[in-house]
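Colleague: Please find one structure pasted underneath; my questions will follow.
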Amino acid sequence: MRNKFTLRVAVATAVAAVIFVTGSAAHAAPKKTLQAFASEQEISDLFKRWAEEHQRRARAERRSQIQASPSAPAAGMGAMMAAPAAKMADQAAAAEESITNVQHAGVDEGGIVKRHGDHLVILRRGRLFTVRIGDNALAPVSVADAYGAGIEPGGAWYDEMLISGSTIAVIGYSYARGGTEVGLFEISSAGRLRYQATYHLRSNDYYSSRNYASRLIGSKLVFYTPLVLNPFAGDPWASFPALRRWRPGVTAADFKPIAPATRIYRTDEPLDPYQGVALHTVTVCDLARPEMDCESTAVLGTPGRVFYVSGGSVYVWTTQWRRNRAVAVPGSGVFRIPLDGAAPTALKTAGSPIDQFSFLEGDDNHLNVLVRANGRGEGMWAAEVSAGDFALLRVSLDSFSDGREAAPAEAYKPLPRPNGHAIQSRYVGPYLLYGAGAGWNRAQRTLSSQVYALRYAGDAKAHEIPLAHGVDRIEALGANAVVVGSDGRDLHFTSVRLAATPVAQDRYTRKDAAQGETRSHGFYYKPESDNAGFVGLPVVGGNRAASRQLRHESAAVLFLRNQSLRLTELGALDSRAEANANDGCRASCLDWYGNSRPIFVGNRVFALMGYEIVEGELAANRLAEVRRVSFSPVTVSLAR
């Protein structure tokens with residue numbers, strides 16, 4: 001009864017939450033939406049009232065301190081503003097075969113390697129590379145800095161890349177320039193790179209240990225960028241969504257607003273500026289236009305967040321701890337922001353999702369979310385340390401409106417709690433699967449664990465599937481699933497048949513090994529038929545923490561064959577890169593998004609590991625190396 005009781009209390013306290021929901025063009029417009037500000041003056045007046053209240057509190061606090069200790073100097077305004085400011089800072093080509101393991105078909109995610117026709121395009125350590133694979137070739141072609149000529153890259157990280165037509169968009173974050181940086185490059189049919197332009201979007205640091213900052217739907221580049229605001233600043237508009245094109249001598253005055261007051265929304269909840277205020281912003285930029293053009297929609301709410309992108313909407317879940325009768329309780333809600341520019345909607349909720357894989361907007365007009373009582377959102381490692389009870393929230397999209405309504409208690413299905421803290425989940429067909437593993441830490445010795453599977457649209461109970469290892473990755477094998485995890489020494493792949501009663505079907509064990517990549521893009525499944533296909537995953541030696549991937553490429557990429565859920569090894573393509581080779585790196589000199597990937601292009605198989613690409617060939621059910629190439633900046637420069 002503990003889960004049910006805890007979740008009912010959470011639902012009751014969620015009425016005090018601030019929320020954000022986004023709408024999908026695939027469904028009829030809701031009757032009610034969030035309310036937009038009527039004018040810039042209305043927003044300025046709100047911030048002015050907050051500043052005046054802050055000054056009133058500061059004067060009262062100063063008088064109190066003088067009365068309590070007349071000899072003590074009064075606290076200055078700067079010191080009084082430091083606490084909330086510091087707190088806020090702390091929170092601070094569909095037609096072509098995809099080679100990226102994405103959450104939704106048709107919604108590409110920013111990654112480190114993409115395919116453009118006859119070429120692979122790789123983003124690594126502040127540079128772009130192209131490697132020709134057409135006509136059975138494997139040869140480096142071109143290299144370019146991932147930032148424009150004249151831009152000082154110090155303090156910038158270039159993490160993600162997307163390709164629309166012949167335009168490559170490199171997504172990064174610049175601490176020096178204070179925002180999301182978008183570099184545009186043109187790629188020719190011969191694989192040559194030409195820099196076009198760089199744009200800056202005002203934002204806080206978008207980095208997440210699991211999620212990706214950017215998506216591409218058709219030619220539309222989509223960002224979710226949180227903006228944690230200083231509500232006591234004189235000019236709120238200095239921090240609101242804006243875009244500028246970089247040029248030598250550019251200044252803050254070159255930023256042009258891209259979210260007018262009438263596209264900035266609010267809920268019915270009174271915001272407490274001392275608890276933090278954020279502008280949850282969804283920006284859509286059209287890469288098909290000669291000059292990148294962007295528009296933003298934003299909701300004013302509390303800072304905590306997890307975001308998820310479906311084909312027509314961005315969902316942002318906010319959570320903040322509040323005091324209720326001297327007891328700290330989490331208030332939360334979800335905003336649904338349509339990508340077509342329609343007004344956002346919202347719903348009051350309880351708990352918090354773990355990461356973007358906790359969500360699924362189903363074809364049945366429902367939103368499904370795996371929530372935990374004490375989730376921390378997904379900013380900077382927070383997704384690795386959630387706590388508390390579990391439930392599945394399942395609500396109709398039609399229940400989202402102006403944010404005054406709360407999801408009813410019966411919309412939450414209590415779920416069993418797995419052993420462990422680093423939670424992994426994935427929706428596969430009609431099932432939700434979830435379990436716990438080591439996350440970014442070194443795996444501990446584990447002889448027994450479990451993954452749970454339940455039909456998210458039904459009333460059936462969650463099925464516990466015993467495992468001999470932790471749950472560090474859950475992926476689809478067609479209509480079924482595979483669970484990957486360590487027992488503290490060996491790496492295991494357990495196939496799961498998702499029938500009426502889900503059951504573990506087979507297990508392959510790689511001795512003395514661990515995952516070389518934890519991000520979702522590190523895995524790929526290439527189907528041959530409904531019941532067969534190939535699995536690829538980077539691996540390293542056993543008993544190594546996942547954080548190793550930030551500084552070292554994987555030792556190899558392992559390939560398995562799936563035949564009716566029986567998993568057999570085909571072989572591994574090994575790295576021979578020289579350790580700690582000097583590549584003259586000037587930016588992004590840690591591989592935040594990893595550096596190793598399995599790549600399937602038609603009938604060809606590749607392993608990307610650092611600056612190496614190794615090609616393998618399948619013969620007699622074994623994968624053997626055919627050739628390899630280095631595309632390091634030194635190698636490419638010497639080849640010119």
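Colleague: I'm checking my understanding of the structure. Among residues of region 231-247 that are crowded, with 17+ Cβ neighbours inside 10 Å and hydrophobic (A, V, I, L, M, F, W, C), which one is nearest to Gln41 (Cα to Cα)?
Modeller: The extreme case among them is Phe240.
Colleague: Which of the residues spanning region 496-519 are surrounded by 22 or more Cβ atoms within 10 Å (Cβ to Cβ) and polar (S, T, N, Q)?
Modeller: The answer is Gln515, Thr518.
Colleague: Go through region 239-261 and count every residue that is more than 28 Å from the chain's Cα centre (by Cα) and either polar (S, T, N, Q) or on the phi > 0 side of the Ramachandran plot (or both).
Modeller: Selection size over region 239-261: 2.
Colleague: I've got another one for you. Tally up the residues in region 253-290 that are part of a helix (DSSP H, G or I) and open to solvent by less than 50 Å² (accessible area, probe 1.4 Å), please.
Modeller: Restricting attention to region 253-290, the residues satisfying the condition of being part of a helix (DSSP H, G or I) are 253-254, 261-263, 273-275.
Checking which are open to solvent by less than 50 Å² (accessible area, probe 1.4 Å) leaves us with 254, 261, 273.
Here the count works out to 3.
Colleague: Could I ask something else about it? Taking strands (runs of 3 or more DSSP E) that do not extend beyond region 133-234, which have at least 1 residues that are farther than 28 Å from Ser358 by Cβ?
Modeller: Working: elements: 139-145, 156-164, 167-174, 179-187, 193-202, 214-217, 220-229.
Filter on region 133-234 gives 139-145, 156-164, 167-174, 179-187, 193-202.
Colleague: Name the residue, out of Leu287, Leu339, Leu367, that is out of contact with any Cys (no Cβ under 8 Å at 6 or more places or on another chain) and under 18 Å from Ile264 (Cα atoms).
Modeller: Unique residue meeting the criteria: Leu339.
Colleague: If you go through region 462-472, how many residues are open to solvent by 10 Å² or more (accessible area, probe 1.4 Å) and assigned to a strand (DSSP E or B)?
Modeller: Going through region 462-472 one residue at a time, the tally reaches 4.
Colleague: Please determine, by comparing only the residues of region 183-230 that are among the charged types (D, E, K, R) and over 24 Å from Arg132 (Cα atoms), which one is surrounded by the fewest Cβ atoms within 10 Å (Cβ to Cβ). Break it down into steps so the answer makes sense when it comes.
Modeller: Residues of region 183-230 among the charged types (D, E, K, R): 186, 192, 194, 202, 205, 210, 215, 220.
Subsequent filtering for residues that are over 24 Å from Arg132 (Cα atoms) retains 202, 205, 210, 215, 220.
On the way: Arg202: 26, Asp205: 20, Arg210: 20, Arg215: 25, Lys220: 14.
Restricting to residues being among the charged types (D, E, K, R) and over 24 Å from Arg132 (Cα atoms), the top hit is Lys220.
Colleague: So, restricting to strands (runs of 3 or more DSSP E) that lie completely within region 367-447, which ones have at least 3 residues that are of a type outside the set (D, E, K, R) and open to solvent by less than 20 Å² (accessible area, probe 1.4 Å)?
Modeller: Numbers: elements: 387-396, 402-406, 412-415, 422-428, 431-437.
By residue number, 387-396, 422-428, 431-437.
Colleague: Name the residues in region 125-139 that are under 30 Å from the mean Cα position of the chain (by Cα) and either of a type in the set (A, V, I, L, M) or within 15 Å of Leu193 (Cα to Cα) (or both), would you? Spell out the reasoning first.
Modeller: Keep residues of region 125-139 that are under 30 Å from the mean Cα position of the chain (by Cα), which gives 125-133.
Gly126, Arg127, Leu128, Phe129, Thr130, Val131, Arg132, Ile133 - these are the residues of region 125-139 that are under 30 Å from the mean Cα position of the chain (by Cα) and either of a type in the set (A, V, I, L, M) or within 15 Å of Leu193 (Cα to Cα) (or both).
Colleague: Might you check whether a residue that is β-branched (Val, Ile, Thr) and modelled with pLDDT under 65 occurs anywhere in region 54-71? Full working, then the answer.
Modeller: Taking region 54-71 and keeping what is β-branched (Val, Ile, Thr), we get 66.
Filter once more, keeping what is modelled with pLDDT under 65: 66.
Yes: one or more hits.
Colleague: So in region 122-147, with the set limited to residues that are within 20 Å of Trp592 (Cβ to Cβ) and among the basic types (Lys, Arg), which one is most open to solvent (accessible area, probe 1.4 Å)?
Modeller: Step by step, filter region 122-147, then rank; the result is Arg125.
Colleague: Still on this model: With the structure loaded, tell me whether Ser310 is open to solvent by 20 Å² or more (accessible area, probe 1.4 Å), among the polar types (S, T, N, Q) and modelled with pLDDT of 85 or more or whether it fails that test. Quick ask: steps written out before the conclusion?
Modeller: Numbers: open to solvent by 20 Å² or more (accessible area, probe 1.4 Å): no; among the polar types (S, T, N, Q): yes; modelled with pLDDT of 85 or more: yes.
Criteria not met by Ser310.
This table checks each residue for (1) open to solvent by 20 Å² or more (accessible area, probe 1.4 Å); (2) charged (D, E, K, R); (3) within 27 Å of Ala504 (Cβ to Cβ); (4) at pLDDT 95 or above.
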position	(1), (2), (3), (4)
Asp530	yes, yes, yes, no
Ser564	yes, no, yes, yes
Leu570	no, no, yes, yes
Glu578	yes, yes, no, no
Ala620	yes, no, no, no
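Colleague: Based on what the data block shows, is Val250 open to solvent by 10 Å² or more (accessible area, probe 1.4 Å) and at pLDDT 85 or above? Outline the logic, then answer.
Modeller: Working: open to solvent by 10 Å² or more (accessible area, probe 1.4 Å): yes; at pLDDT 85 or above: yes.
Criteria met by Val250.
Colleague: Now, a different point. Assess whether Phe493 counts as being under 23 Å from Trp381 (Cα atoms), buried (at least 21 other Cβ atoms within 10 Å of the Cβ), modelled with pLDDT of 95 or more and within 28 Å of the chain's Cα centre (by Cα).
Modeller: Numbers: under 23 Å from Trp381 (Cα atoms): no; buried (at least 21 other Cβ atoms within 10 Å of the Cβ): yes; modelled with pLDDT of 95 or more: yes; within 28 Å of the chain's Cα centre (by Cα): yes.
When the stated conditions are applied, Phe493 does not pass them.
Colleague: Next question, about the same structure. For region 18-44, give me the residue count where each residue is open to solvent by less than 60 Å² (accessible area, probe 1.4 Å) and either at pLDDT 80 or above or not β-branched (Val, Ile, Thr) (or both).
Modeller: First, pick out the residues of region 18-44 that are open to solvent by less than 60 Å² (accessible area, probe 1.4 Å): 18-24, 27, 30, 33-34, 36-37, 39, 42-44.
Now narrow it down to the ones that are either at pLDDT 80 or above or not β-branched (Val, Ile, Thr) (or both): 20, 23-24, 27, 30, 33-34, 36-37, 39, 42-44.
Result for region 18-44: 13.
The values are calculated or read from the model by the stated rules, or taken from the named source; none is laboratory data. Bear in mind that the values here come from a model prediction, so they are computed numbers and not experimental data. A quick note on method: Cβ atoms are made from the backbone with ideal geometry, for glycine too, and the neighbour counts reach across all protein chains shown. Quick note on the areas: whole protein, heavy atoms, side chains included, nothing else; ligands and nucleic acids left out. Shrake-Rupley method; radii C 1.70, N 1.55, O 1.52, S 1.80 Å.
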